[in-house]
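Report on the structure given below.
The values are calculated or read from the model by the stated rules, or taken from the named source; none is laboratory data. All of these numbers come straight from a predicted model, not from anything done at the bench. Cβ placement follows ideal geometry from the backbone for every residue including glycine, while neighbour counts extend to all protein chains displayed.
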Amino acid sequence: MTYPWLNAPAADIPNTARSLLGWRVTGNGVTIRLTEVEAYAGTGEDPASHAHRGPTPRSRIMFGPPGHAYTYFVFGVHWCLNIVCAPEGEAAAVLLRAGEVVEGVDLARSRRGDVAARELARGPALLVISLGVGRDAYGTSMIDGTGPLMLRPPAEPVPDEAISAGPRVGVASAHDMPWRFWLTGDPTVSTYRRHVPRLRRA
């Protein structure tokens with residue numbers, strides 16, 4: 001199995017993110033076809049990236065090795081899942097934002113509740129819940145079978161004309177960068193909500 005983006009430079013992270021649409025990620029009996037992803041670059045290049053100011057105890061895995069999972073807890077309530085996508089020593093990752101559960105629907109529903117199939121992984125937190133992972137996936141390989149997750153390419157790449165791009169979601173900086181990519185018209189893609197700055201009290 002080949003992973004052509006493993007050696008792609010961090011500067012190519014938008015193209016890498018686009019190329020991951022249609023890939024399948026499997027974890028704990030559930031397989032999800034990726035329908036929405038979001039790119040994040042490295043040190044000094046992307047104010048929205050956890051790696052923007054260099055490695056921290058949380059973000060150090062963004063600096064490699066590629067093909068590993070970067071999970072982090074947000075808002076004190078849920079986990080998000082990224083895959084590291086740059087050569088070791090550089091920093092870049094792709095957030096897995098949404099997907100279609102194609103195997104293990106009943107198992108995913110047992111984790112998510114009795115919701116419509118299109119809602120099972122419609123958002124980064126819901127995707128992680130459906131896969132049944134969290135902190136345990138941090139720093140594990142998603143490509144060699146040693147970790148709780150496995151990422152596999154589709155039989156055929158998604159054609160460019162089937163992909164849309166737009167602003168990122170849920171970030172306070174660089175939110176208008178068109179680094180979110182999704183399968184046009186797919187019902188499992190999450191709802192876009194434009195960033196609204198918080199008003200500071202006087």
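So, in region 55-79, how many residues would count as being closer than 20 Å to GLU45 by Cα and among the aliphatic types (A, V, I, L, M)?
Filtering region 55-79 for residues closer than 20 Å to GLU45 by Cα gives 55-66, 70.
Next, from what is left, pick out any that are among the aliphatic types (A, V, I, L, M): 61-62.
Residues flagged as closer than 20 Å to GLU45 by Cα and among the aliphatic types (A, V, I, L, M) within region 55-79 amount to 2.
Count, please, the residues in region 1-30 that happen to be out of contact with any strand residue (DSSP E or B) (no Cβ under 7 Å at 6 or more places or on another chain) and small (Gly, Ala, Ser).
4
Can you find a residue in region 105-122 that is under 22 Å from ALA8 (Cβ atoms), touching a residue at least 12 places away in the same chain (Cβ under 8 Å) and either touching a His at 6+ places or on another chain (Cβ under 8 Å) or crowded, with 17+ Cβ neighbours inside 10 Å (or both)?
Scanning region 105-122, I find no residue that is under 22 Å from ALA8 (Cβ atoms), touching a residue at least 12 places away in the same chain (Cβ under 8 Å) and either touching a His at 6+ places or on another chain (Cβ under 8 Å) or crowded, with 17+ Cβ neighbours inside 10 Å (or both), so the answer is no.
Each row is one residue, and each column tells you yes or no for (1) surrounded by 18 or more Cβ atoms within 10 Å (Cβ to Cβ); (2) within 16 Å of the chain's Cα centre (by Cα).
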{"position": "MET1", "(1), (2)": "no, no"}
{"position": "ALA8", "(1), (2)": "yes, no"}
{"position": "ALA11", "(1), (2)": "no, no"}
{"position": "ARG18", "(1), (2)": "yes, yes"}
{"position": "LEU21", "(1), (2)": "yes, yes"}
{"position": "GLY29", "(1), (2)": "no, no"}
{"position": "ALA39", "(1), (2)": "yes, yes"}
{"position": "THR56", "(1), (2)": "no, no"}
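Which residue is surrounded by the fewest Cβ atoms within 10 Å (Cβ to Cβ), if the candidates are limited to region 58-90 and must be under 13 Å from the mean Cα position of the chain (by Cα) and either among the small types (Gly, Ala, Ser) or not in a strand (DSSP E or B) (or both)? It would help to see each step written out before you state the result.
Step one: of region 58-90, the residues under 13 Å from the mean Cα position of the chain (by Cα) are 62, 67-72, 79-85.
Filter once more, so that each one left must be either among the small types (Gly, Ala, Ser) or not in a strand (DSSP E or B) (or both): 62, 67, 69, 85.
Details: MET62: 27, GLY67: 18, ALA69: 25, CYS85: 30.
So, considering only residues that are under 13 Å from the mean Cα position of the chain (by Cα) and either among the small types (Gly, Ala, Ser) or not in a strand (DSSP E or B) (or both), the one surrounded by the fewest Cβ atoms within 10 Å (Cβ to Cβ) is GLY67.
Taking the criterion of being of a type in the set (Phe, Trp, Tyr) and modelled with pLDDT of 95 or more, would at least one residue in region 54-73 satisfy it?
yes
If PRO47 satisfies all but one of (1) surrounded by fewer than 18 Cβ atoms within 10 Å (Cβ to Cβ); (2) over 30 Å from GLY185 (Cβ atoms); (3) modelled with pLDDT under 95; (4) under 17 Å from the mean Cα position of the chain (by Cα), what's the number of the condition it fails?
(4)
Can you list the strands (runs of 3 or more DSSP E) lying wholly within region 141-202 that have 1 or more residues being buried (at least 19 other Cβ atoms within 10 Å of the Cβ) and at pLDDT 95 or above? Lay out the reasoning, then the answer.
On the way: elements: 149-152, 163-166, 180-183.
Of the strands (runs of 3 or more DSSP E) lying wholly inside region 141-202, those with at least 1 residues that are buried (at least 19 other Cβ atoms within 10 Å of the Cβ) and at pLDDT 95 or above span 149-152, 180-183.
Within region 123-166, track down each residue that is β-branched (Val, Ile, Thr) and either under 22 Å from GLY104 (Cα atoms) or touching a His at 6+ places or on another chain (Cβ under 8 Å) (or both).
Here is the first cut: in region 123-166, the ones β-branched (Val, Ile, Thr) are 128-129, 133, 140, 143, 146, 158, 163.
Within region 123-166, VAL128, ILE129, VAL133, THR140, ILE143, THR146 meet the criteria.
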